[in-house]
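Asks: One structure, as structure tokens, below. Some questions next.
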Ligand SMILES: COc1ccccc1CNc1ccc(C(N)=O)cn1
């Protein structure tokens, strides 16, 4: 998969994509991240990329022209059609489901706004999808883009080895993840639940699902109502709730 990032801070974006699982995915050529800086395509003497906002008010707005030229160069750099995503507080809330859909595309591009955002005419003409990583305002779209790169990059086939597999992730089946424990078995902070030491894989799987169901019920009931539960899961959650109540 190829991800193109349009940003005034290309070094920052390259560094975000160079570490950990995503960096390794690039080394394995499972993922290619390229950056494009609109300032390189600004034509005036001051290499302007922003201008004051019509109608007045504080702050600047990113201008059409440098972005149009940047996007044209970006699109021309590879054969695949590009799905262009704009990161903004006005976007659709990003979910794991949407991440999984994006991860299946051959190529996406991420447009990172700065200042008060981008001229609406450019957005209307060029952008395929507007996404928000949450209901808060950042000084730029770069950190939101880094979130998308990581969430999508780690899902590329071969990016995670078995020990890290994405299947058990939180949200991967619509539930929060279960608790995890590493050595030692006994510590001043407490001991590891017996079942995890039993070697009984069916019992361990049952315990983990029960914990995931219980946690989701306690912390994110909204996810539960979205997901719905089959009869065995409902019975398991009832068992958790009885134990939790006692
Ligand atoms: C004032 O900033 C803007 C105003 C308009 C657009 C983009 C920006 C850049 N900032 C962003 C970007 C994304 C998110 C998010 N929640 O995904 C939060 N902030």
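Asks: Which residue, of 156, 164, is surrounded by 17 or more Cβ atoms within 10 Å (Cβ to Cβ), touching a residue at least 40 places away in the same chain (Cβ under 8 Å), within 29 Å of residue 20 (Cα to Cα) and more than 13 Å from the ligand (Cβ to nearest atom)?
Replies: Criteria check complete, one pass: 156.
Asks: A further question on this structure: Output the number of residues of the range 49-66 satisfying the condition of being without any contact (Cβ under 8 Å) to a residue 12 or more places away in the chain and either touching a strand residue (DSSP E or B) at 6+ places or on another chain (Cβ under 7 Å) or assigned to a helix (DSSP H, G or I) (or both).
Replies: Residues meeting the conditions: 1.
Asks: Residue under question is residue 187, and the condition is that it be away from the ligand (no atom under 16 Å from the Cβ) and either at pLDDT 95 or above or surrounded by fewer than 17 Cβ atoms within 10 Å (Cβ to Cβ) (or both); does it hold?
Replies: In short, yes.
Asks: Still on this structure: Please tell me if residue 151 is in contact with a strand residue (DSSP E or B) (Cβ under 7 Å, 6 or more places away or on another chain), buried (at least 18 other Cβ atoms within 10 Å of the Cβ) and part of a helix (DSSP H, G or I).
Replies: No.
Asks: Are there strands (runs of 3 or more DSSP E) fully within the range 67-144 with at least 3 residues that are within 7 Å of the ligand (Cβ to nearest atom) and either closer than 15 Å to residue 2 by Cβ or modelled with pLDDT of 95 or more (or both)? List them.
Replies: 83-93
Asks: On to the next question. Tell me, please, whether a residue that is touching a residue at least 40 places away in the same chain (Cβ under 8 Å) and closer than 30 Å to residue 30 by Cβ can be found in the range 115-127.
Replies: Taking every residue of the range 115-127 in turn, at least one turns out to be touching a residue at least 40 places away in the same chain (Cβ under 8 Å) and closer than 30 Å to residue 30 by Cβ.
Asks: Also: Determine the pairs where a residue that is over 21 Å from residue 243 (Cα atoms), located within the range 209-231, has a partner that is assigned to a helix (DSSP H, G or I) with Cβ atoms under 7 Å apart, the partner being 6 or more residues away or on another chain.
Replies: These pairs meet every condition: 223/216.
Asks: Answer yes or no as to whether residue 18 is in contact (Cβ under 8 Å) with a residue 40 or more places away in the chain and out of contact with any strand residue (DSSP E or B) (no Cβ under 8 Å at 6 or more places or on another chain).
Replies: Taking the combined requirement at face value, the residue does not satisfy it.
Asks: If only one of 74, 60 is farther than 20 Å from residue 12 by Cα and surrounded by 12 or more Cβ atoms within 10 Å (Cβ to Cβ), which one is it?
Replies: Selected residue: 60, the only one of 74, 60 that is farther than 20 Å from residue 12 by Cα and surrounded by 12 or more Cβ atoms within 10 Å (Cβ to Cβ).
The values are calculated or read from the model by the stated rules, or taken from the named source; none is laboratory data. Predicted model, so just to flag it, every value in this text is computed and none were measured. Heads up, the Cβs are rebuilt from the backbone with ideal geometry, glycines too, and the neighbour counts pull from every protein chain shown.
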